[in-house]
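Q: Questions regarding the structure given below will be posed in turn.
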Amino acid sequence: MTSKVSVIGAGNVGAVCAQRILEKGYADIVLVDIIEGLPQGKALDMLESMPVFGCDRRIIGTNDYKDTANSDVVVITSGVPRKPGMTREELLQINMKIVTEVTQSVVKYSPNCIIIMVTNPLDAMTYLARRTSQFPKNRVVGMSGILDTARLRSFIAAELNVSVEDVFACILGQHGEAMVILPRLTTVCGMPITKLLPQETVDRLVERTKKAGAEIVGLLKTGSAFYAPSAGAAQMVGAILLDKKQILPCAAYLDGEYGIKDTVITVPVKLGKNGIEQIIELELTPDEKAALANSAKAVDELVTAMKLS
Ligand code: APR
């Protein structure tokens with residue numbers, strides 16, 4: 001049977017995510033937005049491109065959550081992207097309201113779905129969606145580490161003049177500047193980059209990765225990144241629907257793993273038809289463990305600021 005994916009938010013991230021899922025043939029899609037005509041118009045345009053790809057998947061656009069009923073996976077991208085000068089707190093308050101309403105509507109019509117959160121601030125919004133949905137922790141997962149590691153992988157590949165496919169990157173923690181990048185576990189053909197690149201270069205690439213989101217906001221001026229974020233979300237949809245058991249860095253609710261409890265941060269997880277099927281616990285050095293605990297604290301501060309009852 002054809003799977004069904006709903007993408008909430010027909011803006012930059014949502015529309016390109018829908019396009020990527022559709023072109024991969026993973027599922028039929030329902031694209032939802034509050035703006036009348038926007039999801040309908042974009043969906044129709046994408047549908048009309050399908051004959052060119054020889055792909056028989058369907059997409060509809062709607063403003064009505066009834067159309068999302070019985071989705072297997074729901075990708076939430078609705079919200080406001082960070083604008084230059086906007087604080088994380090301001091973004092938090094605006095997107096918190098949107099994500100709460102959207103999650104309630106999603107759960108009403110698709111009580112068995114898996115939610116993939118994309119809206120920022122990512123870890124806090126993933127926490128909020130889990131709390132609001134009351135879903136078990138395996139069925140709410142955030143798109144974070146695939147984006148951060150893809151950025152670092154692309155920088156390393158360019159630096160070493162190797163294929164991006166040959167680079168594996170390891171990033172844990174908050175999806176933001178408090179992320180924990182582990183160069184000793186970031187490898188090319190099994191060799192850590194600390195052995196392949198001078199320390200100054202490693203430091204420069206690490207810093208660039210931490211600020212990669214802001215770099216794009218600074219260039220675009222009127223929005224934030226969407227090609228790479230949508231690619232990350234589409235990869236997660238594929239891993240779930242194809243039951244790939246793929247290990248990917250994603251934002252997950254931790255309940256004692258890594259010594260961290262009741263918060264959401266990026267860790268390697270096994271993604272399959274049940275969503276998060278396993279959280280992989282890497283062996284960390286005491287310094288790395290401390291950095292991860294600090295990173296989790298940055299998420300906790302946002303969760304506390306949401307004042308959830
Ligand atoms: N229900 C449905 N859609 C909504 C709602 C809502 N309550 N509120 C806002 N939207 C829609 C907007 O109408 C808009 O079309 O969400 C869409 C967001 O699209 P963009 O403004 O283009 O933002 P985008 O770049 O897609 O980023 C969305 O993803 O990566 C994150 O930080 C980013 O939080 C941001 C989110």
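Q: Tell me, which helices (runs of 4 or more DSSP H) wholly within the stretch 11-118 include 2 or more residues that are among the charged types (D, E, K, R) and more than 17 Å from the chain's Cα centre (by Cα)?
A: 12-24, 38-47, 88-109
Q: Then there's this: Those residues that are touching a residue at least 60 places away in the same chain (Cβ under 8 Å) and under 23 Å from Asp287 (Cβ atoms), I need them from the stretch 183-241; list them, please.
A: Passing the criteria: Leu185, Thr209.
Residue by residue, here is whether (1) modelled with pLDDT under 95; (2) touching a Lys or Arg at 6+ places or on another chain (Cβ under 7 Å) holds:
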| residue | (1), (2) |
| --- | --- |
| Pro192 | no, yes |
| Lys210 | no, no |
| Gly223 | yes, no |
| Tyr227 | no, no |
| Val264 | no, no |
| Val267 | no, no |
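Q: So which residues in the stretch 235-258 are farther than 13 Å from Gly272 by Cβ and either open to solvent by 30 Å² or more (accessible area, probe 1.4 Å) or away from the ligand (no atom under 13 Å from the Cβ) (or both)?
A: Once the filter is applied, which keeps residues that are farther than 13 Å from Gly272 by Cβ and either open to solvent by 30 Å² or more (accessible area, probe 1.4 Å) or away from the ligand (no atom under 13 Å from the Cβ) (or both), the stretch 235-258 yields Gln235, Pro249, Ala252, Tyr253, Leu254, Asp255, Gly256, Glu257, Tyr258.
Q: State which residue is farthest from the ligand (Cβ to nearest atom) when the search covers only the stretch 119-138 and only residues that are buried (at least 17 other Cβ atoms within 10 Å of the Cβ) and assigned to a loop (DSSP other than H, G, I, E, B).
A: This residue is Phe135.
Q: Collect the residues in the stretch 183-202 that are of a type in the set (A, V, I, L, M, F, W, C), farther than 20 Å from Ala296 by Cβ and part of a helix (DSSP H, G or I), keeping them in residue-number order.
A: The answer is Ile193, Leu196, Val202.
Q: Give the residue that is nearest to Gly238 (Cα to Cα), with candidates limited to residues of the stretch 31-55 that are open to solvent by less than 10 Å² (accessible area, probe 1.4 Å) and within 15 Å of the ligand (Cβ to nearest atom).
A: Leu31
Q: Restricting to the stretch 70-103, count the residues that are surrounded by fewer than 23 Cβ atoms within 10 Å (Cβ to Cβ) and within 19 Å of Tyr26 (Cβ to Cβ).
A: 2
Q: Looking only at the stretch 280-304, which residues are under 16 Å from Gln174 (Cα atoms) and open to solvent by less than 50 Å² (accessible area, probe 1.4 Å)?
A: Listed by number, the residues that qualify are Glu288, Ala291, Leu292, Ala293, Ser295, Ala296, Ala298, Val299, Leu302, Val303.
Q: Taking the options Val180, Val162, Val141, name whichever one is outside any helix (DSSP H, G or I), open to solvent by less than 10 Å² (accessible area, probe 1.4 Å) and touching a helix residue (DSSP H, G or I) at 6+ places or on another chain (Cβ under 9 Å).
A: Val141
The values are calculated or read from the model by the stated rules, or taken from the named source; none is laboratory data. The structure displayed is predicted, hence computed values, not measured ones. Every residue, glycine among them, receives a Cβ derived from its backbone with ideal geometry; neighbour counts consider all protein chains shown. Side chains included, ligands, DNA and RNA excluded: accessible areas come from the protein's heavy atoms. Shrake-Rupley method; radii C 1.70, N 1.55, O 1.52, S 1.80 Å.
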